[in-house]
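Please read the structure below before turning to the comments.
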Amino acid sequence: MTGGVLSLLFGDPFAVMNTVGLVAFALVGASKAVREEFDLFGVAVVGLAMAFAGGVTRDLLVARVPLALRSPVEILLGLVGVALAVGLSAWLASPDEHPVTLVADAVGLAAFATTGAIVATDAGVSAFGVVAVATINAVGGGALADILLDRAPFILFEDFYASCAVLGGVTYWLVGALGGPSGVAAAACAAVTVAIRLVAVARGWRLPTAKRFGDRFDG
């Protein structure tokens, strides 16, 4: 049985990316709730919401029962991420700003952009659909987590975040369109997304705002 689980995990790009994404995003979401001083139930709710909201939306878009409702393993993986966040909070003042959490966020973004692209491709949607589902899968959980934390989703007004998932989705589609196998497309999507996100964090990249454009014209 153990051999079968390992074979599935390491032989299926979707299983690998989904596992990584669930743990990473649950950790990130729960860390945000810890900083806001939520109780343990609230921490778990925010962590699981960030882990699952994007994937549930993805599955609904391609007309299938959400994977989170079909596999108890999904919930267990999310709870592992929540537990890691609680553990980090025991010795870190701001776990949501620690490099471990920032890297986990980038990894989760890449993993979920990849799972979204895989599911969309299997569903036979257009190139735009692949990129759109990849992006929604990657950022949907973070948007819901921010709403639960009573703040506007940060992907809408700051940071170079959703754009990384868009570029990852485009990469997945391009590799597939050029005849590359799904495993290569998945690896390329994940690598592009996580690399661009980490560079964006290190360099403080931001997309320009409409107001900034207006100020330039006024000047």
Scan of the stretch 59-72 for residues that are open to solvent by less than 30 Å² (accessible area, probe 1.4 Å), free of Cβ contacts under 8 Å to residues at least 40 places away in the same chain and part of a helix (DSSP H, G or I), ordered by number: Ala68
Only listed residue being among the β-branched types (Val, Ile, Thr) and either touching a Pro at 6+ places or on another chain (Cβ under 9 Å) or surrounded by 18 or more Cβ atoms within 10 Å (Cβ to Cβ) (or both), chosen from Val56, Val80: Val56
Near pairs, Cβ below 8 angstrom, 6+ apart or cross-chain, from the stretch 169-190 (free of Cβ contacts under 8 Å to residues at least 40 places away in the same chain) to any residue that is of a type outside the set (D, E, K, R) and outside any helix (DSSP H, G or I): Ala188/Gly180
Quick check, is Val23 of a type outside the set (Asp, Glu) and under 23 Å from Ala187 (Cβ atoms)? yes
Need pairs with beta-carbon distance below 7 Å; first residue farther than 30 Å from Val133 by Cα and assigned to a loop (DSSP other than H, G, I, E, B) and within the stretch 83-111, second open to solvent by 60 Å² or more (accessible area, probe 1.4 Å) and at pLDDT below 95; sequence gap 6+ or separate chains. Ser94/Arg35
So, in the stretch 25-47, how many residues would count as being open to solvent by less than 10 Å² (accessible area, probe 1.4 Å), within 20 Å of Phe112 (Cα to Cα) and hydrophobic (A, V, I, L, M, F, W, C)? 5
Suppose we filter Val56, Val46 for residues that are part of a helix (DSSP H, G or I) and in contact with a Lys or Arg (Cβ under 7 Å, 6 or more places away or on another chain); which single one remains? Val46
Single unsatisfied condition, Ala132 versus (1) farther than 30 Å from Gly176 by Cβ; (2) not in a loop (DSSP other than H, G, I, E, B): (1)
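The values are calculated or read from the model by the stated rules, or taken from the named source; none is laboratory data. These figures come from a predicted structure and were not determined experimentally. Virtual Cβ from ideal backbone geometry, glycine too; neighbours counted across all protein chains shown. Keep in mind that these areas ignore ligands, DNA and RNA; they rest on the heavy atoms of the full protein, side chains included. Shrake-Rupley method; radii C 1.70, N 1.55, O 1.52, S 1.80 Å.
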